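What follows is a set of notes on a single structure, which appears directly below.
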Amino acid sequence: MLELKNISFAVDENVEGDKEIIRDVSLVIPDRELVVITGPNGGGKSTLARLIAGIEKPTSGRILFDGEDITDMSITDRAKKGIGFAFQQPVKFKGLQVLDLIRLATGKHISIAAACKYLSEVGMCARDYINREVNASLSGGELKRIEIATVLAKGSKLSVFDEPEAGIDLWSFQNLISVFEGMREKIEDSSILIISHQERILNIADEIVVLRDGRIDAVGTRDEILPTLIGTDSAVQECSVLAATPGM
């Protein structure tokens with residue numbers, strides 16, 4: 001379980017003072033749930049994800065993971081504790097093959113067959129990708145699914161995805177939804193946190209958190225929150241916003 005206790009985050013914008021992006025946020029991400037944080041653009045969603053992952057450090061407040069204070073831990077130490085993070089724009093690794101990346105994620109020299117299993121779980125034909133380099137030759141949708149495969153391979157207790165729909169085409173997005181639905185069905189003692197304002201992702205959430213102007217505006221179940229968001233900036237139909245770039 002992840003607990004945020006009175007988390008605030010500010011940046012030094014100019015001589016007039018700091019700009020507060022996250023404002024006194026307290027939140028619990030329970031085990032065995034898929035939680036989606038949504039809200040208007042510029043509301044602080046991605047910043048909150050980076051604070052959870054350890055990329056940024058809060059100005060004030062504490063972050064607890066399974067009861068342990070991890071506020072001052074690095075992203076590496078948090079990963080060792082079981083927090084996985086998938087970037088909004090997946091990182092490319094010139095010269096590194098998909099097989100190498102999955103082995104790094106597991107921390108073991110697993111067999112090719114075992115690595116292929118993770119690619120299959122995200123709907124990829126393993127033999128077409130296992131020896132590919134993780135570089136610009138792969139589409140946005142392919143990179144996203146490979147990154148999710150590495151999160152699965154790591155077996156994170158908390159998997160955080162920052163706007164997984166960003167920069168991919170509609171066909172790839174539809175496949176991502178299937179992947180997340182599959183992950184949700186297999187949740188045991190782990191949890192999934194997705195930063196998104198796409199209605200189809202909100203529709204598979206157990207709980208929805210609405211973040212507005214750096215503050216929590218609402219928290220509740222999908223049935224409680226989603227009807228209040230339909231037609232707003234917090235729930236955008238994917239057809240109107242996803243990039244019309246070539247798919248996989």
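Each value in this text was obtained by applying a stated rule to the coordinates, not by laboratory testing. What you are looking at is a predicted structure, and each value in this text was computed from that prediction instead of being measured. Using ideal geometry, Cβ is built from the backbone for each residue, glycine included, and neighbour counts are taken over all protein chains shown.
Things to note:
- Peptide ranges 36-44, 129-137 listed from the most packed, as the mean C-beta count within 10 angstrom indicates: 36-44, 129-137
- Charge context of Ser139, other residues only, Cβ under 15 angstrom, K/R +1, D/E -1: -2
- Considering only segment 2-241, percent of DSSP beta bridges that pair antiparallel, nearest 5: 55 percent
- Share of pairwise Cα separations in segment 108-195, more than 17 Å, in percent: 48 percent
- The mean sequence separation of alpha-carbon pairs under 8 Å and at least six residues apart, normalised by the residue count of segment 2-241, gives a relative contact order of 28 percent.
- Among the listed pairs Lys45/Lys117; Lys80/Lys117; Lys19/Lys45, a Cα-Cα separation exceeding 27 Å is found for Lys45/Lys117.
- Put simply, when 210-218, 70-78 are sorted by average Cβ atoms within 10 angstrom per residue, most first, you get 210-218, 70-78.
- For Arg50, net neighbour charge (Lys/Arg +1, Asp/Glu -1) across residues whose Cβ lies under 9 Å away: -2
- Average 1/r across all pairs of distinct alpha carbons in the chain, invert it, and you get the Kirkwood radius: 18.6 Å.
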